[in-house]
Amino acid sequence: MDSYGNSAMAPPMQMAPDFRGNESSLVSALKTLLFFTLLMITLPIGLYFASKSLIFEASFQMSSSDSYFYAAIVAVLAVHVVLALFVYVAWNEGSGTKRKEGKHD
């Protein structure tokens, strides 16, 4: 005998969770992720070539081999700044929604 008594009824089907209320937060998170992805690709590459040709070779009159090194440092610093900004925005975005949903007296 099964745990549902004598009837051969199957257990009730659970309803799938409704994510329509979270749709705006999902879209917001995807927009944030897309923005920082594009920023992560374009900013370091753009800063690398711009700093190499405009700052280090044109202004400081460095050789091509020296300007590669310093331009790479600028690009790596740009990557770290973008990552730090992403973490900051993601942290505040997650905690901001929890504060709004809380009880207001």
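Laboratory data are not the source of any read-out in this text; all were calculated from the coordinates shown. All values reported here derive from a predicted model rather than from experimental measurement. Note: ideal-geometry Cβ built from the backbone for every residue, glycine included; neighbour counts use all protein chains shown.
Projecting label points 7 angstrom from Cα along Cα→Cβ for Ala58 and Leu83 puts them 3.0 nm apart.
Between Ser65 and Asn92, the simple spin-label model (points 7 angstrom out along Cα→Cβ) gives 4.5 nm. Using a Förster distance of 35 Å, how high is the FRET efficiency between Ser25 and Ile45, based on the Cβ-Cβ distance and rounded to 0.05? The value I calculate is 0.65.
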